[in-house]
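A.B. asks: Input: one structure, supplied below.
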Amino acid sequence: MEKFCVSIPKIELHAHLNGSLSRATLKDLGCLEEDVQIYNKSDIDLQTCFQLFSVAHKATSDVNSVKYVTKQVIKEFADDNVLYLELRTTPREEQNMTEEEYIEAVVDGITSHKSPIVVKLLLSLDRRRSIEEQRKTVKSIIKFKKLYPDIVKGIDLSGNPSFGEFYEDLFIEARYNGLFTAIHCAEIKNDIEAERILNFNPDRIGHGTFLHPESGGSQRLWQMNKMLQIPTEICLTSNVICRTTKSYKEHHIQAWIKDELPFSLCTDDKGVFNTSLSKEFFLAYQHLNLNREQLWKISRNSIDYSFASNREKQELRIKLKEWRQENMQ
Ligand code: IMP
Ligand code: ZN
């Protein structure tokens, strides 16, 4: 079954660039072994998790390293039989790089990679930053969406959920300018914010951990989620390692399966959590009893939830169908 999970063509919709750097890439960039070790721990909590990103951020503080890691991460996803990847990253200013140069470097990495995979970019707002800083980033995101409409597809809200807030106006502006919206929602218990995000009706939400009453949410939130049917990006390993979910068996995805709500399987930060999309599929088989047919359907449905063009979606559906005819009859 492990082989099946590796070979099935997959769709990745929730991958943070700097959380996805492999040990090998960090070492290439001159990271010390001890830093790489910290980066790959299996027993952390959500707060520690956010400290780990500084290892990758230190290693990617100029345009050359940003372009290099973008190509490396793309290659690693392609090697794992990911056909379509939506990478997301937070535009960041460093001593030798402006926020816009950072975005340009990521786009450069995406346009120059040589792997057999379709890649799109979502740009993230860090919820820790002030509304003025976030507004400035939204301006740049809209500018880059206009410059690279086939690559820059959406906007994300991420960062430590214990800080900051969801500024709806910024997302209204982004949406008005043609960007898709994918928002981390209910990663920790915060019913008021979760309701505000659901009311905004994003194109997708990330995690949705504290929505269902049995995982700490409420009936009201769950009813909203059921009514809206917003596709949810599920990150099994990330939630278990960060301890926002007790175990794989008790993962909140069970509520999505039971109520037949839309979801996709994703890695979140494959470097930090030492995972891959194939591993996430295998965990779903092991702990959630999903069979081959169900796993294939997760891949196929994820195409519908993606921000690809209609033509790209059609091509992906054909590839998945052909793979099924050759491998599952
Ligand atoms: P980057 O945006 O490419 O720099 O990727 C790392 C960043 O993604 C982190 O600094 C966080 O802001 C964000 N991130 C990664 N994983 C999570 C998560 O599980 N929840 C919220 N934010 C996250
Ligand atoms: Zn995330």
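The values are calculated or read from the model by the stated rules, or taken from the named source; none is laboratory data. Keep in mind that this is a model prediction, so the values were computed, not measured. Every residue, glycine among them, receives a Cβ derived from its backbone with ideal geometry; neighbour counts consider all protein chains shown. Quick note on the areas: whole protein, heavy atoms, side chains included, nothing else; ligands and nucleic acids left out. Shrake-Rupley method; radii C 1.70, N 1.55, O 1.52, S 1.80 Å.
A.B. asks: For the chain, give the magnitude of the charge dipole about the Cα centre (Cβ charges: +1 Lys/Arg, -1 Asp/Glu; no others), in debye to the nearest 20. Present the calculation step by step, with values, prior to reporting the outcome.
C.D. replies: Numbers: 44 positive and 48 negative charges, 167 e Å.
Dipole of the chain, to the nearest 20 debye: 800 debye.
A.B. asks: Then there is this: Please list, by residue number, everything in segment 12-44 whose backbone N is under 11 Å from a paramagnetic label point 7 Å out along Cα→Cβ of residue 79.
C.D. replies: Correct set: 22-25.
A.B. asks: Rank these residues by their accessible area, most exposed first, probe 1.4 Å: 169, 35, 268. Spell out each step's value before the answer.
C.D. replies: On the way: 169 110, 35 40, 268 10 Å².
Solvent-accessible surface, decreasing: 169, 35, 268.
A.B. asks: Still on this structure: At what distance in nm do the modelled label points of residue 38 and residue 310 sit from each other, each positioned 7 Å from its Cα along Cα→Cβ?
C.D. replies: 5.1 nm
A.B. asks: Then there's this: Can you compute the label reach from residue 162? Point 7 Å from Cα along the Cβ direction, backbone N cut-off under 20 Å, restricted to segment 266-281.
C.D. replies: Under 20 Å, as judged by backbone N against the label point of residue 162, lie 269, 272-273 of segment 266-281.
A.B. asks: Note down the relative contact order for the chain as a percent, whole number, built from C-alpha pairs under 8 angstrom at least six residues apart. Could you put the intermediate results ahead of the total?
C.D. replies: Details: 554 pairs, mean separation 68.6, N = 329.
Once normalised by length, the contact order is 21 percent.
A.B. asks: Return the Rg/Rh value of segment 236-312, two decimal places, where both radii are evaluated on C-alpha atoms and Rh is the Kirkwood radius.
C.D. replies: On the way: Rg = 12.9 Å, Rh = 13.3 Å.
Here the Rg-to-Rh quotient is 0.97.
A.B. asks: Suppose each label sits 7 Å from its Cα in the direction of the beta carbon; what would the residue 111-residue 328 distance come out to in nanometres?
C.D. replies: Computed distance between label sites residue 111 and residue 328 equals 3.7 nm.
A.B. asks: OK, next. What is the Cα coordinate range of segment 6-50 on the first, second and third principal axes, sorted by size from largest, in whole angstrom?
C.D. replies: Projected onto the principal axes, the Cα atoms of segment 6-50 cover 35, 27, 17 Å.
A.B. asks: I would also like to ask the following. Identify, among 54, 241, 182, the residue whose Cα sits farthest towards the positive end of the charge dipole of the chain, taking +1 on the Cβ of Lys and Arg and -1 on the Cβ of Asp and Glu, with the dipole about the Cα centre.
C.D. replies: The residue sitting most towards the positive pole is 182.
A.B. asks: Can you report the principal axis dimensions of segment 26-125 using only the alpha carbons, biggest first, rounded to whole angstrom?
C.D. replies: 34, 33, 27
A.B. asks: Under the Kirkwood approximation applied to all pairs of distinct alpha-carbon atoms, what is the hydrodynamic radius of segment 211-250 in Å? Could the numbers behind the result be given before it?
C.D. replies: Numbers: mean 1/r = 0.0897 Å⁻¹.
It works out to 11.1 Å.
A.B. asks: According to the Cα gyration tensor, what semi-axes, each the square root of 5 times an eigenvalue, does the equivalent ellipsoid of segment 2-327 have, listed from largest to smallest in whole Å? Show your work: numbers first, answer last.
C.D. replies: On the way: eigenvalues 137, 112, 88 Å².
Each semi-axis is √(5λ); the values are 26, 24, 21 Å.
A.B. asks: Multiplying the sequence separation of residue 101 and residue 249 by 0.36 nm and subtracting their Cα-Cα distance, what value in nm do you get?
C.D. replies: 49.0 nm
A.B. asks: Given Cα pairs under 8 Å that are at least 6 residues apart, what percent is the relative contact order of segment 220-319? Intermediate values should be presented prior to the final figure.
C.D. replies: Numbers: 86 pairs, mean separation 25.7, N = 100.
After rounding, I find 26 percent.
A.B. asks: Let me ask something additional. Under a Cβ-only charge scheme (Lys and Arg +1, Asp and Glu -1), can you give me the dipole magnitude of segment 253-329 about the Cα centre, in debye to the nearest 20? Show your work: numbers first, answer last.
C.D. replies: Working: 12 positive and 11 negative charges, 43 e Å.
Once rounded to the nearest 20, the dipole reads 200 debye.
A.B. asks: 7 Å from Cα along Cα→Cβ at both residue 257 and residue 146: what's the point-to-point distance in nm?
C.D. replies: Simple spin-label model gives 4.7 nm for this pair.
A.B. asks: Tell me, in nm to one decimal, what length is gained between residue 274 and residue 57 on full extension, where the rule is 0.36 nm per residue of separation less the Cα-Cα distance?
C.D. replies: Values: separation 217, 0.36 × 217 = 78.12 nm, distance 1.74 nm.
Computed gain between residue 274 and residue 57 is 76.4 nm.
A.B. asks: Whenever you get a sec, compute what percent of the accessible area on segment 2-327 sits on carbon and sulfur atoms (1.4 Å probe). Please report the intermediate quantities before stating the final value.
C.D. replies: On the way: 6770 of 14140 Å².
Here it works out to 48 percent.
A.B. asks: Further question: How large is the charge dipole for segment 1-80, taken about the Cα centre, if only the Cβ atoms of Lys, Arg (+1) and Asp, Glu (-1) carry charge, to the nearest 20 debye? Walk me through the numbers on the way to the answer.
C.D. replies: On the way: 9 positive and 12 negative charges, 53 e Å.
Dipole about the Cα centre, nearest 20: 260 debye.
A.B. asks: Once Lys and Arg get +1 and Asp and Glu get -1 on their Cβ, which of 89, 7, 219 lies farthest toward the positive end of the dipole of the chain?
C.D. replies: 7
A.B. asks: Give me the extension gain from residue 47 to residue 136: residue separation times 0.36 nm, minus the current Cα-Cα distance, reported in nm with one decimal.
C.D. replies: Gain on stretching residue 47 to residue 136: 29.4 nm.
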